[in-house]
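**Q** One structure coming up, written as structure tokens, with questions to follow.
The values are calculated or read from the model by the stated rules, or taken from the named source; none is laboratory data. A quick note: this is a predicted structure, and the numbers were derived from the prediction, not measured. Here the Cβ positions follow ideal geometry from the backbone for every residue, glycine too, while neighbour counts run over all protein chains shown.
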Amino acid sequence: MPVIRRGLRLRVALAFAIFCIVVVGTLGVSLYIASDDIEEAHIEQIIETEMDYLLQRYREHVDFVPQEGSNLEKYIIHDPSEESRLPSYLQGLSYRRHKVFRGPEEVRVAVHHVDGVKFLVAYEIGLHEARQRELKLLIVLSLISVVGVAVVVGYLLAGVLVKQVTDLAEQVRHLAPGDIQGETLTQPGQDEEVAQLARALDDYQSRITRMLRREQEFTANISHELRTPITTILTSCELLVAEPNLSERARMRIGMIESAATRMGEQLQALLFLAREQSLGVMEPVDLAECVYDAAESICGEIYRKHLTFEVTVEPKAMLTLNRQAIHTALVNLLRNAVQYTNSGFIRVNFKGNRLSISDSGIGIEPSYLPLLYERFFRGSTQGEGLGIGLAIVKRICDYYGWSIEVESMPGQGATFHIVFP
């Protein structure tokens, strides 16, 4: 069953409609009651007038014989024997007002006695009842019409009333954190309540901007302070490797230092992206196969040490327009995870359609761990090294650039991660 979204505009329209229902309904009920009383008084007046006329004519002419109408009957009964000539529904009525029925029709009867003579006036009130039914139907139709008009008018009126709020919401929707650039949400001509909300949002946006600037300055300083020693380490490693008299063991250790420094630089870049959610660079055509081999370069030693088979099934001309640093960072983390949790077998990279897949024959992932897989600092196994932020970084990159990430895994049967590009 679809859920109706109850916005402010709809609630204003419904409130207006309910108000009209109450007002028109109360007025209609009052009119109906008043009309019923008027009809009753009219019936009584007709019966009394006809009875007075009948008595007056009898006093003027004792042998007066009243005429019968379609809905009005008058009788003069001189002795009880004449009572039997009356219609059955009028026989035996005493001196007072009566309500009797002739078939489905209600008949009001007035009986009067003067000097042993019985005067009887019977009035069928079908016309009055028909008018009451017509009035009732008119009130119901009027109420339905008023409700329909009230809903439409209320909705249009509510749109005028909340337009400033919706305009303000649209402005806020297009704002990025800290995106002020000299413009404020407070505009001339706003209603006082809307202006008050806009001023509060402007103040909140200003505080966010100041906080972001402090955070950006801090991360920029930290980035500079950390990159400087990493650059120094890498430069020193390059100079040391150029020395001709180094032993093979020393060169291997220098290579390990260089690899660790390179990895530290990549982790620093990824951590800064994770903290600041800023773009890792420009969008450009990227040779996907070349990017895969570049990402695998830092883990080739580990692949060789474990005797793993590394297979890449990507067309040489497969080009995608995306951010090179972003896909490189995502691939490095996925490949490093695959190698870290695979002791024997293979690492496979496949690209088909718009889906890039990284598969391994490692230990796999427990089903209970899948919902927590992209949480920061979560590790599903004690095997290998790492901080547990690799998949969190990959997920954040995919969300930022509009890619989808999927995983297929069974314990003991390896895992396959898919990056689906739009």
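**Q** Return yes or no: is Thr166 polar (S, T, N, Q), modelled with pLDDT of 75 or more and over 24 Å from Thr26 (Cα atoms)?
**A** Here the answer is yes, as Thr166 does meet what is asked.
**Q** Could you tell me whether any residue of region 41-59 is modelled with pLDDT of 80 or more, closer than 30 Å to Ala150 by Cα and either in contact with a His (Cβ under 9 Å, 6 or more places away or on another chain) or surrounded by 15 or more Cβ atoms within 10 Å (Cβ to Cβ) (or both)?
**A** No, region 41-59 contains no residue that is modelled with pLDDT of 80 or more, closer than 30 Å to Ala150 by Cα and either in contact with a His (Cβ under 9 Å, 6 or more places away or on another chain) or surrounded by 15 or more Cβ atoms within 10 Å (Cβ to Cβ) (or both).
**Q** Would you point out which residue out of Leu135, Leu127, Leu141, Leu157 is in contact with a Ser or Thr (Cβ under 8 Å, 6 or more places away or on another chain), hydrophobic (A, V, I, L, M, F, W, C) and in a helix (DSSP H, G or I)?
**A** Leu135
**Q** Filter region 24-76 for residues that are within 60 Å of the chain's Cα centre (by Cα) and among the small types (Gly, Ala, Ser) and give the result.
**A** Matches in region 24-76: Gly25, Gly28, Ser30, Ala34, Ser35, Ala41.
**Q** Considering (1) in a helix (DSSP H, G or I); (2) closer than 28 Å to Arg133 by Cα, say which one Ser70 fails and leave the rest.
**A** With (1) in a helix (DSSP H, G or I); (2) closer than 28 Å to Arg133 by Cα applied to Ser70, the lone miss is (1).
**Q** Here's another thing I want to ask about it. Would region 103-112 turn up any residue that is exposed (fewer than 15 other Cβ atoms within 10 Å of the Cβ), among the charged types (D, E, K, R), within 60 Å of the chain's Cα centre (by Cα) and closer than 30 Å to Cys20 by Cα?
**A** For region 103-112, residues exposed (fewer than 15 other Cβ atoms within 10 Å of the Cβ), among the charged types (D, E, K, R), within 60 Å of the chain's Cα centre (by Cα) and closer than 30 Å to Cys20 by Cα: absent.
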